[in-house]
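K.L.:
Mind looking over this structure? Questions follow.
The values are calculated or read from the model by the stated rules, or taken from the named source; none is laboratory data. What you see is a predicted model, and the numbers here were worked out from it, not measured in a lab. Heads up, the Cβs are rebuilt from the backbone with ideal geometry, glycines too, and the neighbour counts pull from every protein chain shown. Remember, those area values only see protein heavy atoms, side chains included, never the ligands or the DNA or RNA. Shrake-Rupley method; radii C 1.70, N 1.55, O 1.52, S 1.80 Å.
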Amino acid sequence: MSGGYPFYGELVTEPPLPAGTTPADVLGDHSALVSPEALSRLGLEVGDDLRLGGRTLRIIASLEGEPDRLPTGFAFGPRVVVGVAAQEAARIFPFAGFGGYRVLVRLPGEHSLEELELRANALRGDMDDIAALRVETYADAQPGIREDLERLSRYLGLVALLSLLVGGVGVAQGIRAWLTQRLDALAVLKCLGARPRDLMRTYLVQAVLLGLAAGVIGGVAGLLSILLVPAILGGALPVEAVSIWQPWAFVRGVALGIGVSTAFSAPALLVVLRAPPVRVFRSGAEPLPGSRLASALSVFAVGAGVAGSTALQAGSLWLALRFMGAVVAAVVALILAALALRRLARFLAPRCRSSWLRYGVAALARPESGTLAASVALGMGLMVLLAMFVVQGHLHDELAAGLPDEAPSAFLLNVPATGWRDLAGLLERQGAERVQSAPVVMARVRAIDGIPVAERLNERNRWALRRQLRLTFLDELPADNVILEASGPATASRPWVDPALGEVSVEQDFAETIGVSVGSTIDLEVGGRETRITVTSLRRVDWEGFGINFFLVVEPAVLDWAPHTRLAAAWLPKEREQRIQDEIYVAYPGVAVVRIREVLQKVVDLVGNLQVGVRVLGSFTVTAALLTLAGAVAASSARRGREAALLKTIGSTRFDVLRAFAAEYALVGLSAAVVAAVLGSAAAWWLVTRELELAWSFRPWAVFGALAAGSLLSLATGLLASVGALQRPPIDSLREAR
């Protein structure tokens with residue numbers, strides 16, 4: 001490094017660098033900063049000497065943190081930071097192109113992102129003909145990781161929204177239960193001259209205030225729970241990167257809470273319109289018939305609230321529409337299942353021999369049983385949790401499987417062409433297997449089909465055409481390459497149709513990106529010399545096999561004169577990996593060893609940590625569904641209490657009543673779980689095969705677990721919510737009889 005790095009943040013070292021100095025001032029041409037993992041692997045300490053290429057450097061500090069580097073620990077190889085003078089003296093870049101420089105520029109004053117993009121575009125235009133440079137603003141840093149995190153953020157946001165929607169059903173059930181208990185008060189108010197619309201406004205304001213209070217409490221709890229994120233992610237995220245000061249997230253959460261609670265309150269508030277004034281004189285009077293227009297408007301309010309919340313949370317209209325469509329389809333399926341359960345209950349109830357079972361099954365068929373809402377809410381929660389569990393299981397298994405059976409466990413980069421035979425012998429003596437290598441030539445694309453690259457650039461192909469390409473020359477293609485299209489009878493073992501053409505075989509997706517096909521010509525600059533090659537075949541490459549593969553494979557006679565290094569791969573015995581790597585570093589300091597097994601394990605560990613967080617979030621959906629079920633039971637607690645008292649009066653024991661209620665709740669949970677298992681498995685199959693492009697395998701234990709969880713959780717929640725009803729004495733049924 002050189003100059004005033006870092007412009008922002010602080011380079012953290014142990015011991016700290018002297019105050020008022022930059023890292024470049026301290027390093028000079030004789031010192032180095034070394035990451036802790038490198039010190040551990042090499043058995044070195046601060047103050048020891050480190051041999052880097054042709055230079056001996058003194059380790060002056062351990063490199064603990066860099067402000068412009070993601071703190072995940074996921075990187076190819078340990079980190080060593082030296083000054084530019086030391087790097088040049090070490091001669092660690094023996095060939096042009098096997099090293100890169102990153103120039104950081106800090107503009108004076110304050111600039112908006114739009115202004116920075118304008119300047120970056122101007123630089124790109126000025127430098128297109130000079131070198132294959134990439135000009136990026138801070139918004140372009142780590143684009144792949146940023147896009148993955150944005151997708152994960154939207155996914156988790158929609159899961160959280162689904163939990164909120166399920167909770168909205170619970171809000172509707174709670175308000176319905178509360179208003180049902182206030183029917184007598186509503187009747188009195190109507191007799192005193194209160195208009196229904198005034199009562200509607202009054203209770204609507206109360207619903208909004210309820211949503212506000214719940215939103216504030218939930219927002220504060222959510223912000224405080226952020227402090228648990230580093231613990232959940234197992235150290236993948238530093239504590240200092242987590243801040244509970246998230247005002248926009250808090251405001252958005254409160255707004256979503258108010259919107260969802262208000263929207264879902266609309267159908268329940270119709271009870272206000274249906275309260276009969278005659279209840280003042282006759283407490284058993286049933287609510288008045290509902291208005292179809294009012295019902296339609298309440299449904300519209302719910303739909304508008306869900307649509308608005310989805311659009312706000314998703315940040316994408318297309319994603320919001322897809323989410324809405326999936327939610328509507330799932331709700332319709334769950335409603336149909338609940339209706340089918342009612343019909344089945346009507347059929348089975350008379351045929352049940354046990355009185356408690358007959359009563360429990362018959363309770364499902366009653367219009368005011370609450371089966372519909374409870375089934376929808378519980379089914380949605382179980383569906384989300386099952387889908388997430390299956391998808392994460394596939395992803396974890398794919399990563400945990402590690403390397404394919406025939407794949408290498410390590411790659412060797414920058415191997416000198418003249419030293420490959422000796423290095424291959426060293427590997428074989430140390431027990432390495434499946435050793436293979438290929439020459440690597442650095443080249444730049446100057447023209448395609450005679451058209452200069454500058455005239456063919458666009459956002460899609462810029463990364464491919466303005467970079468140094470690593471290509472190879474081989475007598476035959478690797479075994480995992482499949483010829484898809486060729487100008488003659490080419491195969492992997494005989495890829496060259498006419499060597500006089502200067503042939504090249506191009507990977508299919510790369511060919512589509514740069515806009516070439518069979519018969520196209522590509523002008524390359526290799527070592528200051530221009531060479532024209534002709535595309536004579538397109539091929540498919542199995543990148544997941546971790547074999548040595550390239551976008552461009554050229555016929556040997558075309559580039560065998562070019563300066564090149566070699567890329568090697570080998571399978572190393574796990575117990576001897578470190579020893580082999582140390583011997584390679586001693587004999588060939590410029591060779592970089594990338595151990596794939598270790599890299600994959602880091603990814604597996606990180607994904608495992610993320611799974612915990614995602615499952616915790618998914619459990620909120622199930623919890624909201626169970627609370628909704630409890631709300632449905634509470635909404636009918638008065639009626640259930642009278643029923644329990646009446647059943648005891650006619651000879652049923654408390655245990656008989658308990659079994660009747662248990663049968664009802666277990667069937668509600670089982671029916672919701674069956675639909676959730678089907679829908680969740682279908683959603684997981686789509687995500688695994690279409691989005692992640694992984695092989696699908698059926699997980700029977702996950703499905704059986706969802707069925708058992710749905711029944712048992714519904715049973716436990718329903719019985720706990722019915723404790724008050726079960727305690728009603730038989731005398732209550734006689735007191736209420738009129």
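K.L.:
Examine region 660-682 for a residue that is of a type in the set (Gly, Ala, Ser), surrounded by fewer than 17 Cβ atoms within 10 Å (Cβ to Cβ) and assigned to a helix (DSSP H, G or I), and state whether such a residue exists. Working first, answer last.
P.N.:
The first filter runs over region 660-682 and keeps only residues of a type in the set (Gly, Ala, Ser), leaving 660, 662-663, 666, 669, 671-673, 676-677, 680-682.
In the following step, the residues that additionally are surrounded by fewer than 17 Cβ atoms within 10 Å (Cβ to Cβ) were identified as 682.
Keeping just the survivors that are assigned to a helix (DSSP H, G or I) gives 682.
Scanning region 660-682 turns up at least one residue that is of a type in the set (Gly, Ala, Ser), surrounded by fewer than 17 Cβ atoms within 10 Å (Cβ to Cβ) and assigned to a helix (DSSP H, G or I).
K.L.:
Right, something else. Quickly run through region 569-598 and pick out the residues that are open to solvent by 60 Å² or more (accessible area, probe 1.4 Å) and within 17 Å of Arg55 (Cα to Cα).
P.N.:
Once the filter is applied, which keeps residues that are open to solvent by 60 Å² or more (accessible area, probe 1.4 Å) and within 17 Å of Arg55 (Cα to Cα), region 569-598 yields Tyr585, Val586, Pro589.
K.L.:
Of everything in region 360-375, what is modelled with pLDDT of 75 or more and open to solvent by 20 Å² or more (accessible area, probe 1.4 Å)? Give them in sequence order.
P.N.:
Ala362
K.L.:
What residue, among those in region 14-36 that are among the charged types (D, E, K, R) and exposed (fewer than 14 other Cβ atoms within 10 Å of the Cβ), is farthest from Ala90 (Cα to Cα)?
P.N.:
My answer is Glu14.
K.L.:
From Arg470, Arg494, grab the single residue that is open to solvent by 10 Å² or more (accessible area, probe 1.4 Å) and modelled with pLDDT of 85 or more.
P.N.:
So the residue among Arg470, Arg494 that is open to solvent by 10 Å² or more (accessible area, probe 1.4 Å) and modelled with pLDDT of 85 or more is Arg470.
K.L.:
Among the residues of region 87-94, are any surrounded by 11 or more Cβ atoms within 10 Å (Cβ to Cβ), modelled with pLDDT of 80 or more and of a type in the set (Lys, Arg)?
P.N.:
Within region 87-94, none of the residues are surrounded by 11 or more Cβ atoms within 10 Å (Cβ to Cβ), modelled with pLDDT of 80 or more and of a type in the set (Lys, Arg).
K.L.:
Then there is this: Can you tell me which residues in region 685-701 are hydrophobic (A, V, I, L, M, F, W, C), modelled with pLDDT of 85 or more and either part of a helix (DSSP H, G or I) or under 27 Å from Thr717 (Cα atoms) (or both)?
P.N.:
Of everything in region 685-701, those that are hydrophobic (A, V, I, L, M, F, W, C), modelled with pLDDT of 85 or more and either part of a helix (DSSP H, G or I) or under 27 Å from Thr717 (Cα atoms) (or both) turn out to be Trp685, Trp701.
K.L.:
Considering only residues that are at pLDDT 75 or above and open to solvent by 50 Å² or more (accessible area, probe 1.4 Å), which ones fall in region 312-337?
P.N.:
Across region 312-337, the qualifying residues are Leu321, Arg322, Ala326, Val328, Ala329, Val332, Ile335, Leu336.
K.L.:
Hey, another quick one. Cβ-Cβ under 6 Å, sequence separation 6+ or interchain: first residue in region 213-225 and within 12 Å of Val251 (Cα to Cα), partner assigned to a helix (DSSP H, G or I) and open to solvent by 50 Å² or more (accessible area, probe 1.4 Å). Which pairs?
P.N.:
Pairs that qualify, where the first residue is within 12 Å of Val251 (Cα to Cα) and the partner is assigned to a helix (DSSP H, G or I) and open to solvent by 50 Å² or more (accessible area, probe 1.4 Å), are Gly219/Phe250.
K.L.:
Aliphatic (A, V, I, L, M), modelled with pLDDT of 70 or more and part of a helix (DSSP H, G or I): which single residue out of Ala194, Ala120 fits that description? Walk me through it before giving the result.
P.N.:
Details: Ala194 fails: part of a helix (DSSP H, G or I).
Result: Ala120 is the single residue among Ala194, Ala120 that is aliphatic (A, V, I, L, M), modelled with pLDDT of 70 or more and part of a helix (DSSP H, G or I).
K.L.:
Go through region 505-529 and give me each residue that's over 37 Å from the mean Cα position of the chain (by Cα) and either modelled with pLDDT of 90 or more or open to solvent by less than 60 Å² (accessible area, probe 1.4 Å) (or both).
P.N.:
Answer for region 505-529, where residues must be over 37 Å from the mean Cα position of the chain (by Cα) and either modelled with pLDDT of 90 or more or open to solvent by less than 60 Å² (accessible area, probe 1.4 Å) (or both): Val518, Gly519, Ser520, Thr521, Ile522, Asp523, Leu524, Glu525, Val526.
K.L.:
Please go through region 257-298 and give me each residue that is outside any helix (DSSP H, G or I) and either at pLDDT 75 or above or loosely packed, with under 14 Cβ neighbours inside 10 Å (or both), ordered by number.
P.N.:
Ala275, Pro276, Phe281, Arg282, Ser283, Gly284, Glu286, Leu288, Pro289, Ser291, listed by residue number.
K.L.:
With the checklist (1) open to solvent by less than 70 Å² (accessible area, probe 1.4 Å); (2) over 26 Å from Arg466 (Cβ atoms); (3) modelled with pLDDT under 75; (4) out of contact with any strand residue (DSSP E or B) (no Cβ under 9 Å at 6 or more places or on another chain) in hand, flag the one item Glu110 doesn't pass.
P.N.:
(1) is the only condition that Glu110 fails.
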